[in-house]
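Below you'll find the structure, written out as structure tokens, and then a few comments.
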Amino acid sequence: MVRFIHASDLHLGAAFEGIRATSPEVAEVLARSTYDALDAIVKLARDESAAFVLLAGDTCNRAEGNLRAHLALRKAARELQESGIALFIVFGNHDYLAPGRPDLDWPENCTVFGSDASEPVIVSTDAGEAAVFGLSYGRRDEKQNLALRYPAPPGDLFSIGLLHTACGPVSGHASYAPCTVEDLVARGYDYWALGHVHARAVLRPSSPAIAYPGNPQGLNPNETGPRGCLLVSVDDRKNPTIEFRETDAVRWCIEDVDITGMQRDQDLQDALEARLTELQGHGRPSLVRFRLVGRGPLHRLTSATSDLSDFEEHLRAHGSGAHPIVWTESIRVLTQPDMDMEARRKSEDLLGDFLRIADDLRSSDERIAELAAKLAGEAKKPLQEIGLDAAWIDPERVREWLAQAEWMGADRLIRAED
Amino acid sequence: MRLLSFQVDGFGVLHDTGIDPVPRSLTVILGDNGAGKTTLLRFLRALLFGFRAKHARVPIYEPLRGGSHGGSAVIEMSDGHRYRIIRSADGSPEGQSTVMSLSDDAPNRDLSAILGQATRDVFENVFAFSLEELQEVGTLDQENIRSRLDAAGAGTGASSLPDVRRKIDDEGKAILNSRSSKARLSVIVAELRELRERQTALSRDAERYAELGREQAQLATRLAEAARAEAEASAALNARQAERDAWPDWRALIEARQALDAVPDVPPMPEGAEERLNAAKQAAAQRLEAVQQAAEAVKRAQAEVDASCARLGDGWTEQRVVGFDAGQTPEQAAAEIGRNMAEAAQQEAKADAAVRHADEALREAASAREALEAEERQRWPSPPRTMDAIEHDLGTLREARAAATRLAEERAGRATLEARRQGAEDELKHLRVAPEPVAQPAHIPLIVTFGLLAASAALVSFSPLAAGVLFVLFLLSAAVAIRMHRKARSVVRAQRQEEIREAEGRLKDVDDKLAAADEAIARQLAHLKELAGRIGVERASSVDDLDPAESRLMEERDSARAYAEFGERLRGARRTEAKAADALEAARKALAEAQTDRAATDARWQAWLQEIGIPAEHRPDTALQFIEQVRAARTLIAARDQRAAEHADAVARADEARKAVEAAIAETGDSDEEAFLRHASAWRALQEARRRVDAAAARLAARAGSEERSRALEETLAATDETALVKAVDAARDAHRAARERADQLRTRDGEIKAEMRALEASEEIESVGRAIAGHVTDAERALEEWAIRRICVELLDEARTKFERERQPAVIRRAGEHLHHVTGGSYTRILRRLESNELEAEAADGTPKARPAWNRGLLEQIYLCLRLGYIEDYSASTEPLPVVMDDVFANFDPHHARRAADLIARFALGHQVLYLTCHPETVEFLRASQPEGAAFYRLTDGALQADR
């Protein structure tokens, strides 16, 4: 039985987008986390007596300059070599074969596929031989369907295609080296070890198996839950068994806390602290984003920026003293003012007009799109300077903002009345 | 809702007044200034919305003329249900409101439900207003006018929408403002720019790392060559230096060889011959010295033996000392005999002390006994009576004392009888000489009473007959009274005689008892005297007469008791004396026995001394010392014999040593010791020359490292001189220094490259910069979101106001225009709001618009009055209407406009309940002239409302 590890999108040295100020302790944990995940993969390969390890792109977060990440990868390759484990690497859009990337000597067990590779590499294992082929990105925005350039797999060997690609429609990821499941099936390989999409997904269980392992370490607040790699065991009939194994050193969580029914600040604090305590059960450092939802008197507290900052600071102090650390990344407010919005919406007054206008706007895709364009136009310069394109202000975001704007306006008008 | 009635309990000057019923249409109230019109307006506001808002600083109109603060009203809702609203004071600014349902089927409503969306602001500014509010509104600018109107329609505060919009817009601009470097996004973007520049710079680290790697590879080759050259130069330097260092050794070798050639050859000395001779000579000398020392020791030991024998005394020779035998344990024998002697002497001394002590005790006992006998003779010249005799007399005395006591009791009884006899005699004498007692006339008052009664009756009736009857009765009464008196006197006399007889009997009885008492006293007295005589009392008639005898007997008894005790002491002294005499005798006997024992032990000691040969004068302690001296002398004799033996042995060994010296000389073949020493000296010189040659050759060989090299070195050194060697070393050193410096330069560079590469490998800055950039991007995204939310909110608010102005406020303005047309008699046809400017304009009949700045005071007040009426109509169309209260709002109108305004109000009241307050009778007349249907007119005087018929 051939056994191997399939991992991708380690993003060594990742910047952890979406995180605001953290304590030095948490910053250190985060800075180390992707490297810890790589160590976990190496350890898993040893413990499971894997024949080889596949890294399907974006192993390093940056192609240029990220010397530490490349050296860490080489160190891992050497450690695998000491255990007689082969390593196959393709580079993706993040660590593409840029001219300025570190030029390192790789150990003999390590195969780095270039952007112009043409022949599969045969790897011998105790259970037999397997053929591995891959193509790295020669440039960041690889738009070609690289899958079409994969040669036919050799003979009867178990064949693996290692590819960093947007296979089919993917959400939240740029469409690099796009391909379809049909494209992959047509190439005749037995296992497609894909990378690029950070969410774990098995597109086909067999004949051929096509899988995204997801990233071994969550990189931002939206990449919640356990993260890791795939342990693939192939029987003599080339049927793979795919198992997920956790490797994340830090875990991201999004926790919704409903303020409905809460009367006092203490009620909210108790609820948040209780969640922090629950999250310690992960047994590893956690970063949590709280989303306050629901409707109630505490909306006035949660909508006050300074009060919310105080809560954040309190929770961070509370969680950073715990073991393991549970760091409050942020508190997002999605609460609604304590009013009967539906009744207000029907009233024949300015507030009623205000709410109905928001309703009308929400119901019109065209107007939402116009509003998104208008906002993007007004924020064109800062968007460019931040590095965001105009599409960042998309209709989905505008709808979310519209809801918050509606609550904000209604709340302020009612407050002014008081 | 509309008012059906209202009642003021107490509110400012208003007290216990109201209107019932309040017309559905128009109620006109005329009152002079100060009569309470404005107070009534405030009352109606307070009734519905409280005395004042929570934080408002306005008067709450506490009652000035009595009554409870507040009042009530009965209202009717649009659905026909009726409620009573009560406003009362409870200490809070608003006061307490109570709503009571007056219809059986009326749903429960609180005040807020009744008032619907109306607020205090809406009511005060639109529904219940005075000329003051009207004028105040007139002084506001366009924006605030609109905001009040907006507020009225929106159900929010007067200035809420513009303020809310401005605040949210400001918040948005604080986040995103391209013209402000302090805007939140501007700050973030600026920092982000710097971080990215730093990131770009750090991105070149990889190139630098690769470049360093290449340089390091090239450097490795050059460094290897330089190291090899340095090693060669070092080896050359070491060789030249070795040659230079070997030169002194080379010279030493040459000189040693020359010295060896100069030394003559001699036969070899046997190995160690000279040492052996020296050792034999040294041993012979030492043994000779030992012989002398042994002879000295023998001499000293003999002197000690002689002195020791002399100390023992005459006759004590070495032979006697050696032959002295005191037995195995002379110390034990001497100690035992000595102990017996000491015990015997101790027993003798003890017995002697006991004799002296017993003799002393006997003398003391005799002296004590003699002292007691002398005291007895002194204290009791004759012996006292015995205790039994004295005790007998004391018993007689106690009997006499009892007899005396009884005698005294008899005498006291007789004295009592004597007193009783005297009393009986006195009583008898009194009874015999006392006058006869008089009977008490108890009936006389009765007679007098009847008489007075009769007299009174006669005087009253003036009837002679009655008087006669009464007189007869009076006489009868008197007769009866006299008879009763006589009978009572005879009874008293009989009683006196009886008392005298009883007293005489009692006197006789006492006399008999006195006679018996005298007899008893005589007997007791005789007995007393007989007893007293027995104890020596000659005259005794009472207890006191016995006291001297008792004292005497008590003293005598004490003396007899002391005599007895003293006698006991004397007898004790005599017994002590006898015992002491016995003890003395026993002690003397023991002393004699002890003296006998001591003599026996002394004899035994002398026998033992004679037995072992020690002079007889020795006591046990000195005898043992003597024995020790004999033993010491015997030890000295043994030591002297030992020294003599050692001396003989030393002499023998000295002779052996002398023979060994002779043998050592003979071994070398020399004839004597002098020849031996010359031979040895020549041999040592030859050996030293050979050793120096060998040592120099060995040092040179050691420098060369091997024998072969040594030969080569010798050849080299033989072919050169020292100056040439020094020059060769200097040249080699220079060459080596140059090679080393070259290699060091390359090594330094190699170290620098490695250090830089390690630093690059370990550098985390690019990652930390990346995280900082990501954090900033996140902050920027959050800021953008917050900005966008506010921007959208502002959009919604703007659209809401625009909608309000287009679809809601124009209806208000249209109606207001119609009213203005009526009030101005067609001079102004309508009111317009220009959307582009949001300003109100009044359009004249000729179509000319007149904007706010061009309005005179009358037109401004007319427009705002009409706007309010328009608002009220619009408001009431969709919401529960409220009663309208106006306080002289067209007081500033000229009569022409005032008449039209009154007509407008009268027509308006047909659809809306209006209470109009005024101090102008002509206004009342204008309103009355409009003939409003169902209108009522009241007059308000000093806080009281009265119907004005």
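Could you tell me whether B:His897 is touching a helix residue (DSSP H, G or I) at 6+ places or on another chain (Cβ under 8 Å) and closer than 19 Å to B:Leu48 by Cβ? So B:His897 fails the test.
Every test in (1) in contact with a helix residue (DSSP H, G or I) (Cβ under 6 Å, 6 or more places away or on another chain); (2) modelled with pLDDT under 90; (3) not polar (S, T, N, Q) is passed by B:Ala728 save one, and that test is (2). Quick check on my filter: what residues within segment A:259-288 are touching a residue at least 60 places away in the same chain (Cβ under 8 Å) and over 27 Å from the mean Cα position of the chain (by Cα)? Hit for segment A:259-288 is A:Ile259, nothing else. Listed conditions (1) open to solvent by 10 Å² or more (accessible area, probe 1.4 Å); (2) of a type outside the set (D, E, K, R); (3) modelled with pLDDT of 90 or more are all met by B:Gly858, apart from (3).
Listed by position, the strands (runs of 3 or more DSSP E) contained in segment A:61-147 that have at least 2 residues being surrounded by fewer than 17 Cβ atoms within 10 Å (Cβ to Cβ) are A:121-125, A:128-134.
Apart from one condition, A:Ser171 fits all of (1) hydroxyl-bearing (Ser, Thr, Tyr); (2) more than 26 Å from the chain's Cα centre (by Cα); (3) surrounded by fewer than 16 Cβ atoms within 10 Å (Cβ to Cβ); the exception is (2).
Scanning segment A:332-341 for residues that are open to solvent by 10 Å² or more (accessible area, probe 1.4 Å), more than 10 Å from chain B (Cβ to nearest Cβ) and not aliphatic (A, V, I, L, M) yields a total of 3. State the number of residues belonging to segment A:189-220 that are over 17 Å from A:Ser8 (Cα atoms) and open to solvent by 40 Å² or more (accessible area, probe 1.4 Å). Final tally of qualifying residues: 4.
If only residues of segment B:695-715 that are open to solvent by 60 Å² or more (accessible area, probe 1.4 Å) and touching a residue at least 24 places away in the same chain (Cβ under 8 Å) are counted, the one that is nearest to B:Arg244 (Cα to Cα) is B:Arg703.
Restricting attention to segment B:65-88, the residues that are at pLDDT below 90 and over 23 Å from B:Pro21 (Cβ atoms) total 2. Here is a list of conditions, (1) open to solvent by less than 60 Å² (accessible area, probe 1.4 Å); (2) under 24 Å from A:Arg101 (Cβ atoms), and B:Ile175 meets all of them except one; can you say which number that is? In the conditions (1) open to solvent by less than 60 Å² (accessible area, probe 1.4 Å); (2) under 24 Å from A:Arg101 (Cβ atoms), B:Ile175 misses (2) alone. Name the residues in segment B:878-927 that are open to solvent by less than 10 Å² (accessible area, probe 1.4 Å), under 19 Å from B:Arg857 (Cα atoms) and in a strand (DSSP E or B), would you? Residue satisfying the conditions is B:Met886 alone.
So which residues in segment B:16-35 are in contact with a helix residue (DSSP H, G or I) (Cβ under 9 Å, 6 or more places away or on another chain) and either assigned to a loop (DSSP other than H, G, I, E, B) or closer than 15 Å to B:Ser130 by Cα (or both), if there are any at all? Scanning segment B:16-35 gives B:Ser25, B:Val28, B:Ile29, B:Leu30, B:Gly31. Against the condition aliphatic (A, V, I, L, M), within 19 Å of B:Asp888 (Cβ to Cβ) and part of a loop (DSSP other than H, G, I, E, B), how does B:Ala53 come out, does it pass? No; evaluated as a whole, the condition is false for this residue. Where helices (runs of 4 or more DSSP H) sit wholly within segment A:342-396, those with at least 3 residues that are open to solvent by less than 70 Å² (accessible area, probe 1.4 Å), within 7 Å of another protein chain (Cβ to nearest Cβ) and under 19 Å from B:Val794 (Cβ atoms) occupy A:350-363. Scanning segment A:312-326 for residues that are open to solvent by less than 20 Å² (accessible area, probe 1.4 Å), farther than 30 Å from B:Ala113 by Cβ and in a strand (DSSP E or B) turns up at least one hit.
Could you list, in sequence order, the residues of segment B:371-387 that are open to solvent by less than 100 Å² (accessible area, probe 1.4 Å) and not β-branched (Val, Ile, Thr)? Walk me through how you get there before you give the answer.
Going residue by residue through segment B:371-387, those that are open to solvent by less than 100 Å² (accessible area, probe 1.4 Å) are B:371-376, B:380, B:382-387.
Correct list: B:Ala371, B:Leu372, B:Glu373, B:Ala374, B:Glu375, B:Glu376, B:Trp380, B:Ser382, B:Pro383, B:Pro384, B:Arg385, B:Met387.
Annotation note: of B:Leu677, B:Leu686, the sole residue that is within 25 Å of B:Glu275 (Cα to Cα) and open to solvent by 50 Å² or more (accessible area, probe 1.4 Å) is B:Leu677. Annotation note: of A:Leu298, A:Leu287, the sole residue that is touching a Phe, Trp or Tyr at 6+ places or on another chain (Cβ under 6 Å) and either more than 30 Å from A:Ala405 (Cα to Cα) or not charged (D, E, K, R) (or both) is A:Leu287.
Scan segment A:249-259 for residues that are within 18 Å of A:Leu44 (Cα to Cα) and crowded, with 24+ Cβ neighbours inside 10 Å and jot them down. Even if it seems obvious, please write down each step before you answer.
The first filter runs over segment A:249-259 and keeps only residues within 18 Å of A:Leu44 (Cα to Cα), leaving A:249-250.
Answer for segment A:249-259, where residues must be within 18 Å of A:Leu44 (Cα to Cα) and crowded, with 24+ Cβ neighbours inside 10 Å: just A:Val250.
When B:Gly80 is tested against (1) closer than 24 Å to B:Asp16 by Cβ; (2) surrounded by fewer than 16 Cβ atoms within 10 Å (Cβ to Cβ), only condition (1) is not met. Checking each residue in segment A:284-293 for being open to solvent by 20 Å² or more (accessible area, probe 1.4 Å) and out of contact with any Pro (no Cβ under 7 Å at 6 or more places or on another chain) picks out A:Arg291, A:Val293. Restricted to segment B:178-199, and to residues there that are at the interface with chain A (Cβ under 9 Å from one of its Cβ atoms) and open to solvent by 80 Å² or more (accessible area, probe 1.4 Å), the residue that is farthest from B:Lys754 (Cα to Cα) is B:Ser178. Of all residue pairs spaced 6 or more apart or on separate chains, none has beta-carbon atoms under 6 Å together with a first member in segment B:248-263 that is on the phi > 0 side of the Ramachandran plot and a second member that is of a type outside the set (Val, Ile, Thr). Among the criteria (1) surrounded by 24 or more Cβ atoms within 10 Å (Cβ to Cβ); (2) in contact with a strand residue (DSSP E or B) (Cβ under 9 Å, 6 or more places away or on another chain); (3) closer than 22 Å to A:Asn93 by Cβ; (4) not acidic (Asp, Glu), the one A:Ala50 does not fulfil is (3). If you go through segment B:778-794 and keep only what is within 7 Å of chain A (Cβ to nearest Cβ) and out of contact with any helix residue (DSSP H, G or I) (no Cβ under 6 Å at 6 or more places or on another chain), you end up with B:Thr778, B:Leu784, B:Glu785. Checked against (1) within 60 Å of the chain's Cα centre (by Cα); (2) open to solvent by less than 70 Å² (accessible area, probe 1.4 Å); (3) at pLDDT 80 or above, B:Asp110 meets all criteria but (2).
The values are calculated or read from the model by the stated rules, or taken from the named source; none is laboratory data. Note that the structure is predicted; figures quoted are calculated from it, not measured. Don't worry about glycine lacking a Cβ; one is built from the backbone with ideal geometry, like all the others, and counts go over all protein chains shown. We work out accessible area using only protein heavy atoms, side chains counted, and drop any ligands, DNA or RNA first. Shrake-Rupley method; radii C 1.70, N 1.55, O 1.52, S 1.80 Å.
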